[in-house]
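**Student:** Let me give you the structure first, and then I'll get to my questions.
The values are calculated or read from the model by the stated rules, or taken from the named source; none is laboratory data. These numbers were taken from a predicted model, which means no experiment stands behind them. Positions of Cβ are generated from backbone atoms using ideal geometry, with glycine treated the same way; all protein chains shown enter the neighbour counts. To get the accessible areas, we keep the full protein, side chains included, count just its heavy atoms, and leave off ligands, DNA and RNA. Shrake-Rupley method; radii C 1.70, N 1.55, O 1.52, S 1.80 Å.
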Amino acid sequence: MKSDTLTVNRHALLRFMNEGDKSANGHHSAMTAFLGEPLAAALVLHYLKGQGKNAEIVSWKVTPGTTKGQRLDVWIADGAGTLYQTEIKMWAGNAIGGLRLKPGLTRDELSERGRKQWAERLWNSEKNEFLAEAVGKVLKPMQPPVGFPNPSIQPLLCLWWLVQPSEEKGPWFHVPIQHDRFKTVNVFSLTAYLMSLEEENLTLYMPVVKERLNWLRLLLPGEPSP
């Protein structure tokens, strides 16, 4: 597995995605397409393994078992009997409606912004449901991957945004829902998780990104001119 890992600079990632750095303008869509979903899944693994679980990516194919219908992004097994049908949204701070986080914000200021983003952009607290189908589709029943005949399936919404329904909630939280299959939905804020860490660099399992980098080296073999 070590050969499939990459080193990620935590502070540079937060700066690029959240701070509205003008030098990053025009690059977010391309970088998110290149890194986004594999990076998000790798951070889910990093979190779960930090909880003592032997988590793994099971499949990048998450469908209802039909040729049509909504799809999700990845199946993740926590190694303890749970399968997460996962929807990933890598909305950056520079995006329309995004949440820009300038350096120097206090813990209270960050918490307030996270609660506002949750309440105004994502969650209807009166109906206990998501405001938009783009994220609400995480609750659609999906066909389990091969090798998991009777899994315990839970929905997981993985967001880049800093979101926090209340002050005491951490980067991974559970929200009660009214649903015929699920009692709760898991929500994981990548920004909140990265901000909770202390390491400058993280070693993440990202074989898909390594394959893409290998192709880039083949396509662009020469060093750029100074």
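**Student:** Rounded, prolate or oblate: which fits the range 104-226, taking a ≥ b ≥ c as square roots of the Cα gyration tensor eigenvalues, rounded meaning a/c under 1.5, else prolate when a/b beats b/c?
**Tutor:** It comes out oblate by the Cα gyration axes.
**Student:** Using only alpha carbons, build the gyration tensor for the range 31-96 and give me the equivalent ellipsoid semi-axes, biggest first, whole Å.
**Tutor:** 21, 19, 8
**Student:** Please work out how much length the chain gains when fully extended from residue 3 to residue 25, using 0.36 nm per residue of separation minus the C-alpha to C-alpha distance, in nm with one decimal.
**Tutor:** That works out to 4.7 nm of additional length.
**Student:** Can you spot the lysines whose alpha carbon is less than 26 Å from residue 53's alpha carbon? Ignore those fewer than 8 places along the same chain.
**Tutor:** Partners within reach: 2, 61, 89, 140, 169, 183, 210.
**Student:** Let me ask something else about it. Could you pull out every residue, at least 5 positions away or on a different chain, whose amide H is within less than 5 Å of the one on residue 84? Hs are placed 1.01 Å off N in the peptide plane, and Pro or chain starts have none.
**Tutor:** Counting only residues 5 or more places away or on other chains, the set is 76, 77, 78, 154.
**Student:** Under 8 Å for C-alpha pairs, at least 6 residues apart: give me the relative contact order for the range 82-137, rounded to a whole percent.
**Tutor:** Relative contact order of the range 82-137: 20 percent.
**Student:** Per residue, what volume in Å³ does the Cα convex hull of the range 16-129 take up?
**Tutor:** Taking only Cα atoms, the range 16-129 has a hull volume of 167 Å³ per residue.
**Student:** In sequence order, what are the phi-derived ³J(HN,Hα) couplings for the range 7-20 according to the Karplus relation 6.51 cos²θ - 1.76 cosθ + 1.60 with θ = phi - 60°, rounded to whole Hz, with x for glycine and proline?
**Tutor:** So the J values, rounded to whole Hz, are 8, 10, 7, 5, 5, 5, 5, 5, 5, 4, 8, 10, 8, x.
**Student:** For the range 93-155, take N as its residue count and report Rg(C-alpha) divided by 2.2 N^0.38 Å.
**Tutor:** Its radius of gyration relative to the 2.2 N^0.38 Å reference: 1.58.
**Student:** I've got another one for you. Among the aspartates and glutamates, which fall within straight-line cross-link reach of residue 116, defined as a Cα-Cα distance under 13 Å, with same-chain neighbours fewer than 8 residues apart omitted?
**Tutor:** Cα-Cα hits under 13 Å: 108, 167.
**Student:** Also, quick follow-up: In whole percent, how big is the carbon plus sulfur part of the accessible area of the range 1-104, probe 1.4 Å, protein atoms only?
**Tutor:** Taking all protein chains in place, the range 1-104 shows 53 percent carbon and sulfur surface.
**Student:** In units of 2.2 N^0.38 Å, what is the alpha-carbon radius of gyration of the chain?
**Tutor:** 1.04
**Student:** If the reach is capped at under 16 angstrom between alpha carbons, list the aspartates and glutamates near residue 127, excluding any in the same chain fewer than eight residues apart.
**Tutor:** 180
**Student:** Turning to a different aspect of this structure: Return the long-range amide H neighbours of residue 59 (sequence gap of 5 or more, or a different chain), with a cut-off of under 5 Å between placed amide H atoms.
**Tutor:** 75
**Student:** Give the residue list of GluC sites (Glu not before Pro) in the range 132-217 that are DSSP loop and have at most 12 other beta-carbon atoms within 10 angstrom.
**Tutor:** 167, 168, 198, 199, 200
**Student:** Once amide H atoms are placed 1.01 Å from N in the peptide plane, what residues at a sequence separation of 5 or more from residue 5, or on another chain, have their amide H within under 5 Å of its amide H?
**Tutor:** Here 206 satisfy the definition.
**Student:** Determine the relative contact order of the chain: mean sequence separation of Cα pairs under 8 Å and six or more apart, normalised by residue count, in whole percent.
**Tutor:** 26
**Student:** In sequence order, what are the phi-derived ³J(HN,Hα) couplings for the range 157-169 according to the Karplus relation 6.51 cos²θ - 1.76 cosθ + 1.60 with θ = phi - 60°, rounded to whole Hz, with x for glycine and proline?
**Tutor:** Couplings: 9, 9, 10, 6, 3, 6, 10, 7, x, 8, 4, 7, 7 Hz.
**Student:** Using the Kirkwood radius built from alpha carbon pairs, what does the Stokes-Einstein equation give as D for the range 63-117 at 20 °C and 1.002 mPa s, in µm² per second?
**Tutor:** 146
**Student:** In addition: In the range 145-226, which trypsin sites (Lys or Arg not before Pro) are in a loop and have at most 15 other Cβ atoms within 10 Å, using DSSP for the loop call?
**Tutor:** Filter output for the range 145-226: 181, 183.
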